[in-house]
């Protein structure tokens, strides 16, 4: 099956919003074993949208649209699909009542314009939208499928996961499962080089993705039955772990902060951080993890040298500028001031070189039960290092905790 995605809305072409729907759907289609051949963004123009939709109908088996299902005059996706099939839209009584009920339950007067969201054509079946007022459309004709979904990501993703994905999965006639392994400290090129012997496999397939918190590897397997797909993934995963070893820090929905939280909780330890270069990003990341209050004591953001001295760090050390020794002092400050088992200190600097701003970051981990703090130094472009430094720190802490 060949798929095509049309993202609809003039605001996309003006750069007023970023299209996050297309990357999400592209990933989901791959899980279904459906090949995505084309994606495009189209404005709220009847002629151009009609042309794009007609072209998609001529060359693709599955056409997915997002956007243009609202109640305003420039929401024209339904009308354009109706025009493609030369069918007249008509208000569906059941859909109309569901929209009326939606507003009534919230105590809001329903604008008359919302009634247009209740129309259907003979070829279309409504896709329920429990997160908003715009039902989707499922159109199936001549061996092709059009799926029209609302533009807001929260509505679209919920509709996709609960209504569209299962229906398309039944169409593919196979079970497709995936497993995401997450690595850190290796470049994408290095990961690709190491797992090259496994990349030639057609089932399961293996693909790499560069993310802020490392390089991800997605294993996808297709089989007639779920146990067979699970077995294919399990064997491939075991082979990858033999190659990449400790570089793998998690899988699927795990985050570095959640894995660190589990390790700290299991060992009955607590954590505090002191940051300068990263401006509190590590503290924010840790505090965002569910249940973090049980192990994360808090963070100190020392944006200026004066603050560091006031908090108790030696003035002479501070005057020397960012260094590994200063990161060690920051880690000790965090642990002692906030009464934690472990302290992390982050220091760093940037300087213009060849028109760019590379940065150097010093990360220290201070723990009660070890004699010397663990210190690491990382370099890279400034725009990356500000956030990646937090992940470097978490990865180093994971390795320390797992080796203890």
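Rule-based calculations on the coordinates, nothing more; no lab input. These figures come from a predicted structure and were not determined experimentally. So basically every Cβ, Gly included, is an ideal-geometry build from the backbone, and we count neighbours across all protein chains shown.
Can you sort 145, 215 from fewest to most other Cβ atoms within 10 Å of each residue's own Cβ? Before the final figure, lay out each step's value.
Details: 145 20, 215 23.
Ranking 145, 215 by Cβ neighbours within 10 Å, fewest first, gives 145, 215.
Going by how many other Cβ atoms sit within 10 Å of their own, how do 236, 284 line up, fewest first? If you can, show how the numbers build up before the last one.
Working: 236 23, 284 15.
The order, fewest Cβ neighbours first, is 284, 236.
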Problem set entry | Angle in degrees between helix 93-105 and the longest Cα principal axis of the chain, rounded to the nearest 10 | 40
For this session: Pick out which of 124, 315, 134 has the largest mean-square fluctuation in a Gaussian network model of the chain, springs linking Cα atoms closer than 10 Å.
Result: 315
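How much length is gained if the chain between residue 115 and residue 235 is pulled fully straight, taking 0.36 nm per residue apart and subtracting their Cα-Cα distance, in nm to one decimal?
Numbers: separation 120, 0.36 × 120 = 43.20 nm, distance 5.30 nm.
Full extension from residue 115 to residue 235 adds 37.9 nm.
Among rounded, prolate and oblate, which fits the range 112-173 when a ≥ b ≥ c are the square roots of the eigenvalues of its C-alpha gyration tensor, a/c under 1.5 means rounded, and a/b larger than b/c means prolate? It would help to have the intermediate numbers written out before the result.
Numbers: a/c = 2.80, a/b = 1.29, b/c = 2.18.
Taking the square roots of the gyration eigenvalues as a ≥ b ≥ c, the range 112-173 is oblate.
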Seminar exercise, completed: Summing -39500 (n - 2.57) over every DSSP H run of at least 4 in the chain, dividing by its residue total and rounding to the nearest 500, the 222 nm mean residue ellipticity is -12000 deg cm²/dmol
Exercise. Using the Cα gyration tensor of the range 2-172, with a ≥ b ≥ c the square roots of its eigenvalues, what is the shape: rounded (a/c below 1.5), prolate (a/b larger than b/c) or oblate (neither)?
Worked result: rounded
Problem set entry | Simple spin-label estimate for residue 194 and residue 246 in nanometres, 7 Å along Cα-Cβ | 1.2
Seminar exercise, completed: Each label sits 7 Å from Cα toward the beta-carbon; between residue 315 and residue 130 the label points are separated, in nm, by 6.4
Exercise. So how tilted is helix 21-31 from the main axis of the chain? Cα-based, degrees 0 to 90, rounded to 10.
Worked result: 90
Exercise. Ranking 403, 60, 288 by Cβ neighbours within 10 Å, fewest first, what do you get?
Worked result: 403, 288, 60
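Sort the range 175-251 into rounded, prolate or oblate with this rule: let a ≥ b ≥ c be the square roots of the eigenvalues of the Cα gyration tensor; rounded if a/c is under 1.5, and if a/c is not under 1.5, prolate when a/b is larger than b/c, oblate otherwise. Kindly include the intermediate steps, with their values, before the conclusion.
Numbers: a/c = 2.04, a/b = 1.84, b/c = 1.10.
Verdict is prolate for the range 175-251.
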Problem set entry | For the range 52-119, the spread of Cα positions along each principal axis, largest first, Å | 45, 21, 21
For this session: Under a 10 Å cutoff between Cα atoms, tell me which one of 132, 47, 345 has the largest fluctuation in the Gaussian network model of the chain.
Result: 47
For this session: For residue 225 paired with residue 399, estimate the spin-label separation in nm (one decimal), with each label point 7 Å from Cα along the Cα-to-Cβ line.
Result: 4.3
Exercise. Which entry in (1) 1.15; (2) 1.07; (3) 0.98 matches Rg/Rh (Cα atoms, Kirkwood Rh) derived from the coordinates of this structure?
Worked result: (2)
Problem set entry | GNM flexibility winner over the chain from 333, 84, 271 (Cα, springs under 10 Å) | 84
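Can you give the extra length, in nm with one decimal, that the chain gains between residue 73 and residue 207 once fully stretched, where that is 0.36 nm per residue apart less the Cα-Cα distance? Intermediate results must be reported in sequence, preceding the final value.
Values: separation 134, 0.36 × 134 = 48.24 nm, distance 4.24 nm.
Fully extending the segment from residue 73 to residue 207 adds 44.0 nm.
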Exercise. Does anyone have the angle between helix 46-59 and the longest principal axis of the chain? Alpha-carbon axes, 0 to 90°, nearest 10?
Worked result: 90
